[in-house]
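A.B. asks: The structure is given below, and queries will be raised subsequently.
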Amino acid sequence: MKNLMVLLLFLLCAFSVRTQTEINFQSSDSFLLAGTLTLPEGVSRPPVLVLIHGSGPVDRNAELRITNRPNFPCIYPELIGQTSMLFKDIADSLKNAGIAVLRYDKRTTRPNDVNARELSVNQFVNDALAAVNYLRSNSDVDTSRIFILGHSQGSSVASKLLTLDRGIKGVISAAGSTTRIDTLYANQVFRIQSSCNNDSATAVLQRMQVLAAMQQIRAGLVPDTLPVLGAYPKFWQSWMNISDSAVYNYTRSKVPLLVLQGDDDFNVPVEEADRFKAMNRENFNVHILKGINHLFNDGINIKTDEQTLKLIIDFILKDRETGFLEPINDSEEEFYEIRRERNRIDIHNIGEERLYAEMYDVNGRYLCGKNIGRYGQVSFDLSQPVTLLRIRAGQKNKTIKLARIGS
């Protein structure tokens, strides 16, 4: 009787590496940043994503405890007492898909080491650039396939980073604003007062006050030593300069762009995606996620939305998925099944005879091979420059060429 149990064996022809490594790297001003590099198991030199934080003292996990403090009960009423970890969720999900992730603690998580008067959003840009440069000297990842994701404020930071580093493979804007920050912030204050506190009169007044204060900062009329709305003028001025040019920088860039926007985002309204949609450029997609908030969950389950994670994974692996399989010589009798799935090929023995599968690189050099028992299955890692798969069973054999469109 045929053995109906499918034996799933993963052929790991890569070196074994630690799946999570604590790292340190220096920014341009010698500020030491700490982070985590997550690596997928059994994948040699995977593509890698750098995560860039939203506003505030955000750690490497983007950990946010939803408490009863002001505004949270209004914005996230069903999530009180839960903790969002957007960046950790992304790293864990991408690791399982064969993608490495670098995430780090924002410098503002160490307030004692930061000069608040001199703090600038340009420093966040330089920190993200330092993360990219760190990866460029790391042999564990594919340095030609470095992607960046900017969440909220991080989207503006990412747009600036594109002007400083032309080697970025792709960029993801997650809940990114296309409105300049002084107007966006004033509108947030208005919505909090009008929607959460049911006080339209105060909402109008506070919006006017925020806009007036920001206008004075733009005009250089506020002393550098005077904090305004929780930060010093240098910080606000740098953020305004970067947010003012974000759309222009994204439009001018030739780098593939994925825009993710929830339609239940209180902080960055769904209408912010309209200017992204209007961009006159190639290689970009805008996805509006129904029922998803600023933290990229559905407001009930604190875990990051699965569709969001899938869109990120598909965007990064897109160029590998454009490959195809072309038989070079064939046996008349079918003795195996083959399926391509993201960054791997699965070969399933559908016959009684034992199979032997071999993998060769772009120069025809043998990389590794594996026996496949009756009704067994084996997976080949495609993060390596594979061009040939040879499958044999007795006198039957097939050689398959892996081609990559556009390569």
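We did not get these values from a lab; they are worked out from the coordinates using the rules stated. Not measured: the values here are computed from a predicted model. A quick note on method: Cβ atoms are made from the backbone with ideal geometry, for glycine too, and the neighbour counts reach across all protein chains shown.
A.B. asks: Give the angle, between 0 and 90 degrees and rounded to the nearest 10, that separates the Cα long axis of helix 306-321 from the longest principal axis of the Cα atoms of the chain.
C.D. replies: That works out to roughly 50 degrees.
A.B. asks: Still on this structure, please answer the following. List the trypsin sites (Lys or Arg not before Pro) in the stretch 63-171 that DSSP assigns to loop (not H, G, I, E or B) and whose Cβ has at most 12 other Cβ atoms within 10 Å. Which are they?
C.D. replies: ARG166
A.B. asks: Hey, another quick one. Give me the number: length gained by fully extending CYS368 to THR19, i.e. 0.36 nm times residue separation minus the C-alpha to C-alpha distance, one decimal in nm.
C.D. replies: 123.4 nm
A.B. asks: The chain: longest stretch without exposed GluC sites (Glu not before Pro) (DSSP loop, at most 16 other Cβ within 10 Å), sites themselves excluded?
C.D. replies: The segment 119-281 is the longest one with no such site.
A.B. asks: Kindly express, to the nearest 10 degrees and within the range 0 to 90, the angle between helix 86-96's C-alpha long axis and the longest C-alpha principal axis of the chain.
C.D. replies: 10 degrees
A.B. asks: Let me ask you something else. As I understand it, the value is the acute angle between the Cα axis of helix 121-136 and the longest principal axis of the Cα atoms of the chain; what does it come to in degrees, rounded to 10?
C.D. replies: 10 degrees
A.B. asks: Another question, if that's okay. Over the chain, what relative contact order in percent results from Cα pairs under 8 Å that are six or more residues apart?
C.D. replies: 17 percent
A.B. asks: Could you give the length gained by full extension between ASP264 and ASN112, i.e. 0.36 nm per residue of separation minus their alpha carbon distance, to one decimal place?
C.D. replies: Extending this stretch completely gives an extra 51.2 nm.
A.B. asks: So, one more: GNM, the chain, Cα, under 10 Å: largest mean-square fluctuation among ASP263, ASP314, ASP105?
C.D. replies: ASP314
A.B. asks: Cross-link list LYS88/LYS290; LYS88/LYS234; LYS370/LYS401; LYS234/LYS318: which exceed 29 angstrom alpha carbon to alpha carbon?
C.D. replies: From the list (LYS88/LYS290; LYS88/LYS234; LYS370/LYS401; LYS234/LYS318), the Cα-Cα distance tops 29 Å for LYS88/LYS234; LYS234/LYS318.
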